[in-house]
1. Short version: ³J(HN,Hα) in whole Hz for each residue of the range A:198-210, in order, from phi by Karplus 6.51 cos²θ - 1.76 cosθ + 1.60 (θ = phi - 60°), x for Gly and Pro, what are they?
2. Just how far, in whole angstrom, is the range B:251-273 from the range B:175-237 if you go by their alpha carbon centroids?
3. Using the Cα centre as the reference, give the magnitude of the dipole from point charges on the C-beta atoms of the protein assembly as shown (Lys, Arg: +1; Asp, Glu: -1; all else neutral), rounded to the nearest 20 debye.
4. What list of ³J(HN,Hα) couplings, whole Hz, do you get for the range B:108-122 from phi and the Karplus terms 6.51, -1.76, 1.60, once you set θ to phi - 60° and write x for glycine and proline?
5. Can you compute the modelled spin-label distance between residue B:264 and residue B:367, with each label point 7 Å from Cα toward Cβ, in nm?
6. If each DSSP helix of 4+ residues adds -39,500 (n - 2.57) and the sum is divided by the residues in chain A, what number results at 222 nm, nearest 500 deg cm²/dmol?
7. For residue B:167 and residue B:194, what does the FRET efficiency come to when R0 = 51 Å and r is the distance between their Cβ atoms, rounded to the nearest 0.05?
8. Evaluate Rg over Rh across the protein assembly as shown, taking Cα atoms for both radii and Kirkwood's formula for Rh.
Amino acid sequence: MGTKILTVEDDERIRLAVTLALEEEGWDVIEADSGERALETFASSPADVVLIDIMLPGIDGFEVCRSIRRGSDVPIIMVTARADTHDVVAGLEAGADDYLTKPFAPKELSARIRAMLRRARSTEPGDLERIKVGELEISADEGMVLKNGTELHLTKTEFKLLVELASQPGKVFSREVLLERVWGYDYFGDGRLVDVHVRRLRTKVEDDPASPRYVVTSRGLGYKLQP
Amino acid sequence: MGKQPWLRGHRIWRGRRVWQSLLARVTLTYAIGALLLSSIMAGASFVLAQNQLLADREGQHLEQVIFNAKDIRERLEALTPETAAEEVGTFYENAFKGLPHPNGSQSIVLLPDGDTKSLSLTRPDIPAPIVGKIRAGTQVAEQRYEKADRSISYMVGVRLDDVPFYDGDGIIYYETVSLAELESTLGSLRVILAGVAVISSLAGAMLGYYSARRALAPVGRISGAAMAIAGGDLTTKLDLQADRDLSILSDAFNNMVDAVATRIEREERFTSDVSHELRSPLMTLAASVEVLERRKESLPDVAQQAVDLLSQDLHRFQRLVEDLLEVSRLEAGAVKLQLSRFKLAEFLENVIAQTKSAYVEISFSGRDANSSITADKRRLAQVMTNLIENAEKYGNGPSGVSFEVIGDKVRIIVEDDGPGVPASQRERIFERFRRMGAGNRASGTGFGLGLSLVAEHARLHGGSVWVTDRTDGRHGAQFVVQLPLGEHVDVVEEMAT
């Protein structure tokens, strides 16, 4: 059984063409032509990656994203019309892991999917050592974060981001580096991906996300995990 | 960031001479008005006060003189024809001494023989007109006159008829009083009134200034609102409802803003509609062509060539659509910059790495190696890509890319080995749909939008772009993009343009 991709797109022709191209790339594709249908489909047979067009009739892409996010940490990619609209940030805040603008090359989408499915890297392969930072306990191999012994529910991307920062506590990571290591982007990735994910991560790991203790901003340089 | 042409106009307005400003003119008008009014009032007050004071003093003196004249007349009864001449002299001396002389008045008697009797005055001290009036038959005459020392005096003359001592002839009793003291009072009054006039004109000027400022205050608010709107904040509203006269203006202004906002919104919606309409078929095409490309090997040769053509022109078409949409966003003022801070050297290396052009060296001084800029990375990358592609198309490829930090600005320079740009074309090549020379349509993606977008994006970043000959003496053009380095930002910030 291959990797299942749920594509939510109301335009039949696009859906068909994207499905063809994704299947050519070797993915299994499940189609949904509306937000409602997407949620039903996802409930009955969860996909490995979800691709959601924001502009949907009925419940829109943001709502679909939020609904899925309530019960799952599945990687979600949003499809937006423009990169410089608020849609991108709104989509990321609704829980999306990444976004693409139409028209995108299915090859690029495949690259994004592969990047999302890549496991969070651990410092050494097979290394079961846990990283401890303050009250946080991060286990890259088990894919788990504990705070005071309680497990935190992070999405896959949030987890990868945290593990990346935790690989060298105290070291400042620039947006470009994080985009490359967590999302698999080249230098020209969208820095807002990092900013919004850091924000999301803070709401989960910090006692007070407004004045973070762990994931701190290094002025003009990037982010670091405060040891 | 956008330097609107009317802002420059505003500066010209401020540069005009002071009296050309409404505020100065209103102030001046009030000052002149106040000066005129207060001068008239002061003048009138002075004349009235002068007349009143003189009339009081003269009336008092007149009564005094008539009283004294009666006294003299009664005393004259004591003189008999037998009285000796010396005794007459003593008589007058005693009489004058016995009379009340308030305010330092002085008496003189003109005898029928033309001789005079006085303690201090002589005949020439009696002004001729009053003598004339008495001679003409007036019983009591008065005269205000100027003395030799130019001080003003007032003299009253009373004819005393039928004096037995002078055989029934009459004598004339004159008494004069100096008005000099009154003069000095009036002088002080004049000074005070002039001062009052000056003060009230100053007060008028101040009143004018403040009322003009108050009246003009809405103008400041209107211009503030207009500036906010020019800056892109179309939610700006003018609230002058408190003033009934100005509410008409603020209503009209707000309606205008609403109309402009509606138009921009409509254009934005149009852009996004068109964008959506164009993107959907492009999406289908892109996905389908990719499937074809993957299966190219199994296609006949002719079909393979067709797929290649299709694929290439699809990319070209996508670029064109992106550029046109960017242009319409720029037109609508709907571009939002995503500002982040990044290192210039690293940025340029990555830009060059992603262009298909041959390796181009980036040069910069060691001092600038760690220089960072705050800009929209994606759009700045497009600027650089467009310049490098331009160099490839028209300049035999880029021969060098460099940057130099000058103060709070950076100059990024792209040089080529081409024929250069003639001076007459140096402005025009940054206009839309302009291209240098014939250009090779088939191989390029250029529709004459590339350099215009470079110029627009540089402008949105508060910078500029220009082209010159190469400065190292070789043939070729040198495109210079000058941008402000900007301030630190911690997260990617959105900025409306």
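1. For the range A:198-210, the Karplus-derived couplings read 4, 4, 5, 4, 4, 4, 9, 9, 8, 6, 10, x, 6 Hz, x marking Gly and Pro.
2. Each part reduced to its Cα centre gives a spacing of 44 Å.
3. Details: 87 positive and 106 negative charges, 277 e Å.
Computed about the Cα centre, the dipole is about 1320 debye.
4. 8, 10, 9, 7, x, 7, x, 6, 10, 10, 6, 8, 9, 9, 10
5. 4.1 nm
6. Details: 8 runs with 85 residues, N = 227.
After summing the helix terms and dividing by the residues of chain A, the value is -11000 deg cm²/dmol.
7. After rounding to 0.05, the efficiency reads 0.30.
8. Values: Rg = 50.6 Å, Rh = 35.0 Å.
Rounded to two decimals, Rg/Rh equals 1.45.
Here, each number is a calculation from the coordinates, and none is a lab measurement. Please read these numbers as outputs of a predicted model, since none were measured by experiment. Don't worry about glycine lacking a Cβ; one is built from the backbone with ideal geometry, like all the others, and counts go over all protein chains shown.
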